[in-house]
Amino acid sequence: MTDILAVADHRRGELRDVSYEIITAGRELADETGGELHLAIISGTVDDFAEKANREGVDVIHTVSYGEEFNHDVYTQAITQLYDEVGPQYVLAPNSVNGLDYAPAVADELELPIVTDTVGLETDGETLIANREMYGGKVETTVEIDSNSAVVTIRSAEWPVAEGTGDAAVEVFDADIDEDAIGSSVNGFEEVAGGDVDISEADVLVSVGRGIEEEENLEIVRELADALDATLSSSRPIVDNGWLPKNRQVGQSGKVVTPDVYIAIGISGAVQHVAGMKGSDTIVAINTDENAPIMDIADYAIYDDLFDVVPALTEQFR
Ligand code: FAD
């Protein structure tokens, strides 16, 4: 019992980034246990997803064709049956809305311990050591699981996405789904206001915080975003003030983003904000307080007044 069974995540026909991150997390664990990495792809266009997820590090991909979108009962049944088939040591699921829906049910069904929202994993083959953050990232905890098998959910943007084309065997798994046990269905998706933009998919984010002072001042930040062909996002106070819709909020109670470039304008870098953007490739911070926490994690820290710097940058980029 040394294999790892990871589960991919998708929504509305797209594999989510965490599906590639879970490959990296799973591969690392499999190297430690000396086992194989199995990836489960359930529902949707499984062949297309299998092709995309066939990246370096995956040994076997199991596809389960049943329905289009996520369904709690289908996933729970398919994963528990795959568990019996593969006999993995650990089951990895994303700590996404979907993952948090089925992972506890899978653990309950298989009578396994579960640890959620992990940001680091290590095993000596017997004990699993999982790192988690608590109290909004203020406390880091270590959880030891002595059981020889467990279900684990991983936080997005904590592991790099797996790259490179793999040569995994793709196997169709004929799950025996009990239709009578399916008690829920996805009837459609309703976008929240301003839902045209998904900040978690943006390459460049221009993010604004309380340092902007007034709603009308947002215009200078919008102009910079336009000049850079970037997407506008923000810290929580901007959303709480009603100046931008909730789907623009980066952070613990907003979205986790991993852009190539993240420009934090008048944002202090509270732990709850950083939890959502620390996976950005390059962080630029503009702040009048050189001791603001964001300045410590910034690759480029501009210690100056945003009302001078932002228009000057816009001018340059135009
Ligand atoms: P501030 O902390 O007030 O920082 C403003 C910054 O602007 C300061 O660093 C200041 O030096 C700088 N500044 C001021 N004037 C200028 C100027 N002229 N030029 C340049 N710089 C200037 N926050 C989030 O962002 N996302 C979340 O998801 C989130 N979730 C939370 C969940 C919980 C449970 C809790 C308790 C809090 C959460 N928060 C979240 C709130 C978080 O704790 C902070 O309060 C918030 O991130 C602060 O936002 P800010 O950096 O914009 O504002």
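The values are calculated or read from the model by the stated rules, or taken from the named source; none is laboratory data. Just so it is clear, the model here is predicted, and its values are computed rather than measured. Neighbour counts run over all protein chains shown; Cβ positions are idealised from the backbone, glycine included.
Summary of values
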| quantity | calculated |
| --- | --- |
| Of all residues making up the range 256-276, the number that are surrounded by 21 or more Cβ atoms within 10 Å (Cβ to Cβ) and near the ligand (Cβ under 9 Å from one of its atoms) | 9 |
| Qualifying residue in the range 240-252 (condition: free of Cβ contacts under 8 Å to residues at least 12 places away in the same chain and touching an Asp or Glu at 6+ places or on another chain (Cβ under 9 Å)) | yes |
| Options 8, 25, 40, 30: the member that is closer than 18 Å to residue 154 by Cβ and in contact with a Lys or Arg (Cβ under 9 Å, 6 or more places away or on another chain) | 8 |
| Every pair of residues 6+ apart whose Cβ atoms lie under 6 Å, when the first sits in the range 1-26 and is assigned to a strand (DSSP E or B) while the second is of a type in the set (Val, Ile, Thr) | 5/86; 5/91; 6/22 |
| Check on residue 57, at pLDDT below 95 and either touching a helix residue (DSSP H, G or I) at 6+ places or on another chain (Cβ under 8 Å) or small (Gly, Ala, Ser) (or both) | no |
| Which listed residue is touching a residue at least 12 places away in the same chain (Cβ under 8 Å), in contact with a helix residue (DSSP H, G or I) (Cβ under 8 Å, 6 or more places away or on another chain) and either part of a loop (DSSP other than H, G, I, E, B) or on the phi > 0 side of the Ramachandran plot (or both), from 66, 83 | 66 |
| Which listed residue is among the β-branched types (Val, Ile, Thr), more than 14 Å from the ligand (Cβ to nearest atom) and surrounded by fewer than 17 Cβ atoms within 10 Å (Cβ to Cβ), from 314, 288, 282 | 282 |
| Matching helices (runs of 4 or more DSSP H) fully within the range 210-318 where at least 3 residues are under 15 Å from residue 199 (Cβ atoms) | 218-228, 236-240, 271-277 |
| Sole residue being out of contact with any Gly (no Cβ under 7 Å at 6 or more places or on another chain) and over 28 Å from residue 155 (Cβ atoms), chosen from 299, 308 | 308 |
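So that you can scan it fast, the table gives a plain yes or no per residue for (1) under 18 Å from residue 100 (Cα atoms); (2) buried (at least 18 other Cβ atoms within 10 Å of the Cβ); (3) outside the structural domain of residue 165 (by the TED database):
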residue	(1), (2), (3)
25	yes, yes, no
33	no, yes, no
48	no, no, no
52	no, no, no
